[in-house]
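A short write-up of the structure that comes next.
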Amino acid sequence: MEFENKVVAITGAGTGIGKETARALHAAGASLILNGRRQDVLARTAHEIDPRGERVTVVAGDIGRVDTSRALMAAAEKRFGGLDVLINAAGIFKPLAFEAHSEEVFDAYVATILKGTFFASHAAVPLLAARGGGAIVNVGSMWAMQAIGATPSAAYSAAKAGVHALTRNLAIELAPKRIRVNTVAPAVVDTPVYESFVPRAELRATLASFDAFHPLGRIGRAADLAAAILFFAGDQSTWITGTVLPVDGGVMAGRN
């Protein structure tokens, strides 16, 4: 198995892309440290993935707080002896008109998405370097590369654009330590995040309405992103760093 004897920390691991990535990595042999805000959600995810708890541990907490990043890395070292890969998948998303943004809303996006990615990576570097190198894989966004009128999201897009810029900067700075840094940038993906602002009865129809937005004719699945993340985390991409890869059904290529 490709990730046998590898240790991977994942933020935003309780649901969606983070959860599906955790499932795929565990199936490929990895040991996991899962982070998210809600202990109960993390515990359910961990049990689903590894009922015996042999290769999964959880660290609940707000990744926008620096002490959560430190606790995540401390758990990796204590439980599994180090770290080989960090996946920054934590995020929040809810379309909101620019003029409706408050300082609190702006700060929440920046803290969870950009600050969380920054300081989780900062805390991970010593552990990755101690293993002779490793990989950091971030979840960016199509919205960081183009604006979509139907889903106004200025603060979200700005925070994700920061993650894209951070990817390139860290790729250069950390290359001497043999730490690769890459990002996947999804378009619309079927995850629980949409349940926070779309009524449950309308959810399927609303998501289906975005199929045609994607040149390949459907919205993404969490597994589509997990496959790309595992590529960047694994040995097949050892000569790739500083890349922001659209995993978006062709959206960034153009329009029909």
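FYI, it's all coordinate maths here, none of it is from the lab. Owing to the predicted nature of the structure, the values given are computational and were not obtained by experimental measurement. Methodologically, a virtual Cβ is constructed for each residue, glycine included, from the backbone with ideal geometry; neighbour enumeration extends over all protein chains shown.
Couple of notes before you dig in:
- Region 1-130 - charge dipole about Cα centre, Lys and Arg +1 at Cβ, Asp and Glu -1, debye rounded to 20: 280
- Between region 152-212 and region 29-78, the C-alpha centres lie 21 angstrom from each other.
- Put simply, the C-alpha atoms of region 66-183 give a gyration tensor, and the ellipsoid matching it has half-axes of 29, 15, 10 Å, longest first.
- Between A253 and I172, the C-beta separation translates, for a Förster distance of 35 Å, into a calculated FRET efficiency of about 0.80.
- Within the chain, the longest run free of chymotrypsin sites (Phe, Trp or Tyr not before Pro) that sit in a DSSP loop with at most 16 other Cβ atoms within 10 Å is 1-196.
- Percentage relative contact order, region 96-196, counting C-alpha pairs under 8 Å, at least six apart: 37
- Positive-end residue, the chain charge dipole about Cα centroid, Cβ charges, pick of G36, H47, M1: M1
- Length added when fully stretched, R204-R44, from 0.36 nm per residue minus Cα-Cα: 55.2 nm
- Lysine pairs with alpha-carbon atoms under 29 Å apart, the chain, spacing 8 or more or separate chains: 17
- E4-S102 FRET efficiency (beta carbon distance; Förster radius 45 Å; 0.05 resolution): 0.45
- Against the empirical 2.2 N^0.38 Å (N residues), the chain has a Cα radius of gyration ratio of 0.96.
- Legend: P(r) of region 1-115 from all alpha carbon pair distances, 10 Å bins from 0, whole percents, reading 15, 45, 27, 10, 3.
- For region 45-134, averaging the sequence separation of C-alpha pairs within contact (under 8 Å, six or more residues apart) and dividing by the residue count gives a relative contact order of 37 percent.
- Cβ-derived FRET efficiency at R0 30 Å, R218 paired with A158, nearest 0.05: 0.60
- In this structure, the amide hydrogen of L96, modeled 1.01 Å from its nitrogen in the peptide plane, lies closer than 5 angstrom to those of S153, A154, counting only residues at least 5 positions away or on a different chain.
- Relative contact order (%) - criterion: Cα under 8 Å, at least six apart; region: the chain: 19
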